[in-house]
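The values are calculated or read from the model by the stated rules, or taken from the named source; none is laboratory data. Here the structure is a predicted model, which means the values were calculated and not measured. FYI the Cβ positions are ideal-geometry reconstructions off the backbone, even for glycines, and counts take in every protein chain you see.
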Amino acid sequence: FGQVVTGYLSTLILSLGCVYSARYMHNVLLHGTLHWPMEMFDITPLGRIVNRFSKDVDTIDNTLPLNLRVVILQLFAVLA
């Protein structure tokens, strides 16, 4: 029974943490991008900016949850 509860809690914490961190990191990236000087947009092609932004968001959405899942599962395995 304890293993089921800790498994459920770890999945819930992971899901909520990933949603919160993705939202926070997206806002930070967007805020930083919108506050670049105008010369940066003249020099750098728009496709490169969008590609970099989408690569960072992809890392947040795909790599971060997997790493967090391993850490949380190991933490709850120790506690259980």
Legend entry - Entirely in region 16-80, the helices (runs of 4 or more DSSP H) that have 3 or more residues that are in contact (Cβ under 8 Å) with a residue 60 or more places away in the chain: 64-79
Inset, instruction - Could you please let me know if Gly32 is surrounded by 10 or more Cβ atoms within 10 Å (Cβ to Cβ) and either farther than 23 Å from Val70 by Cβ or more than 11 Å from the chain's Cα centre (by Cα) (or both)? - result: yes
Inset, instruction - Please specify each residue of region 35-80 satisfying the condition of being over 15 Å from the mean Cα position of the chain (by Cα) and of a type in the set (Ser, Thr, Tyr). - result: Thr44
Legend entry - Unmet criterion (only one of (1) modelled with pLDDT of 85 or more; (2) over 21 Å from the mean Cα position of the chain (by Cα)) for Thr6: (1)
